[in-house]
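The structure appears below as structure tokens.
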Amino acid sequence: MQQKQVPNQSLNIPFVNLSKFNRSSSNFLLATLGAKSYGTITFRRNYSNRANFIRIPPDAPPTQVRELFFRQRQHHRPALVISVTGSVREYSMKSKLFRTFRQGLLKVAKTTDVWLLTNGISTSVTKLIGEISRTNPDPSRPIHLIGIAPWGCVSGVEQLDVHGVNVVYNKPKTNENNQSSLERNHAHFIFIDDGTKQQFGGEVQFRGRFEKSISGESCFLQSSTKQKSTHTRNIPVVLIVIEGGFDTIKKIHETVMKNQIPVVLLEGTGGCCDLFGKFMHLYDEYDSNVTTNEQTSDHSLSVNEKTEFVKTKLREKLQINDSKLNTSSSTETSNATDGTDYFQLIYECIHTRRVYLNFIDLKLHSPTEADLDLAILQALLNVTSENDSSNVNNEYRREQLNLAFEWKRIDIVKNFIMKDERDWKTIDVSDLFIKALQQNQASFIQLFLDHDFPLDDLFQDDDNRLIALYETENYQITDNLNHPLRSIYHEIIQPLIGDFFQADAIFDCDDCSLNDSSSMMSALDAEKELFLWSVITGKQDLALLFWARGKNKICAALIATLLYKSKARKEKDEHYIEWADEFQSLAVEILEKFYVTNTFECTQAIIREIPQFGNVTWLHLAVMAEAKLFIAEKAVQDVLSDIWYGYIDHRVGNKKIVMTSFLLFYSGFLPYHKELVEGSDKADKHYNYDDEFSLFSIRSSRSASKSEGSPDAACAKLMDDNLDEEEHSVVVRNNNSWKRLKCSTNQYLKNVLMFLHAPCIKYLYSVYFHMIFLMLFSYVILFDFFPLYDFVSGKCLISSDDDDPTTEMSVRRVRKRSILNKTTTENPRVQYGYQQHTRPSATEIVLIVWMFTLLCEEIRQIFAMEVQSILGKLFAYIDIFWNKLDVLAILLFFIAFVLRFIPVSECFCTARIILAIDLSIWYIRTLDTFSAVKRLGPKLVMIGEMVYDMKFYMVMLTVFILAYGVPTYSLMYGVEKFSWHIPRAIINIAYWQIFGELTIIDEIERNYEIGGYVVFFLLIAYMTVASVLLINLLIAMFSNTFDRLHMDTDCIWKFQHYSLVSHYLTRPCLPPPLVIFSHIYQISIYCFSHMFHIKWFEEKYIQHQNQGKFKIVVNETLTKKIEGIEDAIGNEVYYLSLKTDRKQIDRQNDLNEQRVHSPQEIVLNKIKILENQIQTIENHQSNMFEYLEYLMNGIKKIGGDDIEMPKQRRADLEATFWARNVVTAIVEYDVIKEQEFTFGQRNLHQTSSFWTFYFYVFSNYCD
């Protein structure tokens, strides 16, 4: 995964910090440009922004300035450059205009990397731009401001006469005439030093040449394929005009006529923008009038006459003078009298380069709100369409598509570029499709695919195109394996999914060979491959898109869940977990609808192999992905329940099954699902089950409820041992008064075998024999474990030190025990358990044999793992917690077994200790059997989580135990001789105090020395922390774990149910120690099938290999039916549910929500809320009065007319009138403030609006 780089707010790469190569090349550029000074600027009110600046002469080459910019940006090129110009004088933009302009710039910055060119000084328009850049809500997509200013018009310019150092810019308190301070939100400054002072205009020519050098020969983003090498360095440039004067007219004329750069004029801001707009409207009006007159009259004008007529009418109508443009600066006024024909300049722009002029209506009373970003893009598209650089219309559209793609404006593509379906067939958008894939532009991919983009042909024509997509995401493929697609599966996909994913099964098809690359590519499913690529590279939007268009939607969703969780563990990214949950929810929703509508097909589909995804099944994928919600679905649980009971009819009941496990002969008379052996919907139907009442029904409860009797063949395939079928069957019928029982001996034996092979029966016998094993182990360790050699008496129990007084006490205890056990020995110190025996007891031998069979069973489980490699099998086996306990318990037993035969007393004692610990582990191992019980299974998970919590708790508790125990022991007993028993004594002092064993109080009760007081206070502090704080902390941790898991108890148990069923499905039918016979049988089958190649043994071996797998292979007809149902339900889920939700999210995240609300809009919203509340109160009040009126009328009927009615007070009558006056006052106040509000007075009005508002409301009410 590539990490997304967040661009900096400014180009803060000072020249002195460049790399060695860039520094040398930058120094060369600086020398070429003739830079008089350069460095960085830090503003006092904006220390976070450090702007680069350079001071150059007006004749400096603009291309080298551009190259210097790109070097400082590490050759990161913008997608768009916007040049903003306008009047130098103070200009107050209305709030609506400012809001629209801000929204447009922010939307542009959000969709593309943009640079803005301004004059760099604190004029009104530049300050607007700087304020928008500073308040940008998305810092990941900043607006880079570049100021081009005349050196002589910058106040405090003497501070900047430096070379390669940082300058803290101090804004002068007063500015001289025609001088302004720098705007502090810019990232770059280019100062043009033409030797003049306090005179604007010197930078205009350089700015025009600089814009021309950026845009190149044309303004479009990327030219056609033939001209791509010529124009790849060009960047689209747009000029935005706000108000403006005479200099602005010249600037527009130069930009349009000479530089061929589109211009966007904000009509409604005044100045030359309104003049151009009026000029354009009159031009269209006069031109249409002339055309109409020519059509109605016989007289026709030539083109020149028509042009001169329109031009004359326009000149008469428009008088361009100083008052028209509202200019006030001396510079622009003098330009008005320099003899320039501004009318001619405007006319040339409109008449010859009209396509370069674009207008946005920002008038206050405009009914619609303008879209600045749309106008900018439309301006670029218009110029592209009219450009003479290409003679093919398709090339124009390709350029427009690239431009719209860079701006992420799919609406432009739909409405303005690709309006005709024929355009999609004639224009090759393959390169743009690959680019959209790499940039995760799902909306564009959806648009291309909706117009029949040849997706399969794109990847079938080029074998390495799919590999190139992976390589762009930093995935390296080294082994080709005769085909790139096979390499992708083996090196990238299979390691993420697991060894159970059989990558070769995808290519093992009838119509393609393993070594034929072309035939493989012809069979390539491009949508599936792009779906897997999208998931692996973390492109969720594309993954959802290709998932919706592909087949096997549930399998694909579970594959995505598994891949995302695998990447989440590897990369520690929570986004992958969210995306995995999203795909799991899709799979669950489809499964629910599938099971309700088509039960039989759904149960088949859950465990059917899917060759397109490596012969995986839904069930196995869900387990490996830990998709607990999917496993907990009723459909999956019904399949697991069928597998758990095997062929046994579910209606038999658990109590009868348990009873039959003791009375095995009765199992031959139980009802079984005979028809499930067929494994298809054409099961045996020669019995009319509807006409007979069966004491032991052959059909399951779920099958009996179906009107057509469709059998569920899934579990039959899983549990089938391929027993030879007979025509005879077990049928117990009620024929009114007589019952007939037809049962052959062969069928009876088959029923018994089917009973023994059921996983639930294996579980019961495993529990029975495990209880016998524990009783046998306990008996041996308690009563029948003796040494086989002469044992030194009391070595394990009595100290070796004879002088120790405890020795005599031990001897007395031994004698007493000998009397009780009626034993007579020559040495009273020899205990009963240490008497020499010549050989191990019979019970011990049985225990050893039993443990050996357990070892053999664990080895069988290791080799039964689905992982291919031996090392992988070991890791998969050890990964299960209960297997770890089994290994530890068996290992400890055989260590003790070896030690007990060594003729050393210490070895026998060690063996006995190890066996005691081993027995404890086997008792704990019994907890695994509780997982079959719904009420106890989830509790095991809670215990595991609580043990995990306790690990951290014990670390803290150990610190406090040692912090109290060691000082207390040293103060109470002083310095002693070193002994390994001291740590135990310290723990005894500290640990048991927590549980109330305060024996230390007796020892320090009468100790009034300083050491006793210290121990006393240590005890108080320790008991406060350990008994109060830590114990309650542990309780809180356990309570939190319990509450968290208790909500998912049902889901946890259902997920555990799969592990239980899977474990006992693969186990032999005989439990240990009888399992040794099953092992011998399996080894015999393996040897005869592989060594002698006997056909019957080969069939039995294949049957044995497949009996424990949750897989079936369905025929082609059923496969098509399942996939058709799945696709139909998947499309419904995606297009109706998911797509609707995502649209709502997109609307909520729309940039329009980030727009600036004016104070007037805020007040109006509050007024609407207030009006609604008043209306609600009035409705309640009228209802109350109506009820009171009815009540009083009733009282009058009872009490007569003598009842007094309260008079309505005037205050009550005026309450509603006063509320309405308040609302009216607010509205009038809002109108007045709208007239007074300007951008420059904004802060003053906001601070004083509170008291002004309430004074106005109060005065209005008093009047």
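Read-outs throughout are calculated quantities, based only on the coordinates presented, and are distinct from any laboratory measurement. Values in this document were obtained by computation on a predicted structure and should not be read as measured data. As a convention, Cβ positions derive from the backbone with ideal geometry for all residues, glycine included, and neighbour counts pool all protein chains shown.
A few comments on the model shown:
- Global form of the stretch 849-986, assessed from the alpha-carbon gyration tensor, a/c cut-off 1.5: oblate
- Stretching K363 away from Q1082 to a fully extended chain increases their span by 249.9 nm, per 0.36 nm per residue minus the current alpha-carbon distance.
- With a threshold of 19 Å on the Cα-Cα distance, the over-threshold entries among K553/K1054; K570/K1054; K593/K634; K539/K572 are K553/K1054; K570/K1054.
- Label zone at V846 (point 7 Å along Cα-to-Cβ), backbone N below 15 Å, the stretch 1058-1095: 1072-1074
- Cα gyration tensor shape for the stretch 918-961, rounded if a/c is under 1.5, else prolate or oblate: oblate
- The R354 and N175 beta-carbon pair, evaluated with R₀ = 45 Å, returns a calculated FRET efficiency of approximately 0.65.
- Gyration tensor verdict on the stretch 417-625 (Cα atoms; rounded if a/c is under 1.5, prolate if a/b is larger than b/c, oblate otherwise): rounded
- Neighbourhood net charge (12 Å Cβ-Cβ; Lys/Arg +1, Asp/Glu -1) for C349: +3
- The string of couplings for the stretch 236-253 from the Karplus curve (6.51, -1.76, 1.60, θ = phi - 60°) is x, 10, 10, 9, 10, 10, 10, 6, x, x, 5, 4, 5, 4, 4, 4, 5, 5 Hz, one whole number per residue in order, with x for Gly and Pro.
- Using the Karplus relation 6.51 cos²θ - 1.76 cosθ + 1.60 with θ = phi - 60°, the per-residue 3J(HN,Hα) values for the stretch 1043-1057 come to 4, 5, 8, 5, 5, 10, 4, 5, 5, 5, 5, 5, 5, 5, 4 Hz, with x marking Gly and Pro.
- For G614, distant residues with modelled amide H under 5 Å away: I506
- Here the peptides 76-85, 580-589 are ranked by packing, the mean other Cβ count within 10 Å, and the order with the highest first is 580-589, 76-85.
- Packing, as the average of other Cβ atoms within 10 Å across residues, places the peptides 845-852, 1114-1121 in the order 845-852, 1114-1121, highest first.
- Comparing Cα centroids, the stretch 172-201 and the stretch 877-901 end up 84 angstrom apart.
- Extension reserve of the E473-Y1135 stretch, reckoned as 0.36 nm per residue once the Cα distance is removed: 235.4 nm
- Residue exposure sequence - K551, K197 - by fewest surrounding Cβ within 10 Å: K197, K551
- Net +/- balance of residues flanking N1179 in space, Cβ distance below 13 Å, scoring K and R +1, D and E -1: -3
- Label point distance in nm, V165-H981, each placed 7 Å from Cα along Cα→Cβ: 8.0
- Panel order for C909, C153, by other beta carbons found within 10 Å of each beta carbon, from fewest to most: C909, C153.
- At R0 = 51 Å, FRET efficiency that the Cβ-Cβ distance of D879 and F901 yields, to 0.05: 0.90
- Likely footprinting exposure, S744, S534, S667, fewest C-beta neighbours within 10 Å first: S744, S667, S534
- Net +/- balance of residues flanking L530 in space, Cβ distance below 12 Å, scoring K and R +1, D and E -1: 0
- For the stretch 939-1060, the Cα gyration tensor yields ellipsoid semi-axes of 40, 16, 10 Å (square root of five times each eigenvalue, largest first, whole Å).
- For the peptides 1179-1187, 115-123, 626-634, 910-918, residues were scored by their other Cβ atoms within 10 Å and the scores averaged per peptide; the highest-first order is 115-123, 626-634, 910-918, 1179-1187.
- Karplus-derived HN-Hα couplings along the stretch 839-853 (A = 6.51, B = -1.76, C = 1.60, θ = phi - 60°), whole Hz, x at Gly and Pro: 8, x, 6, 4, 5, 5, 5, 4, 5, 5, 5, 4, 5, 5, 5
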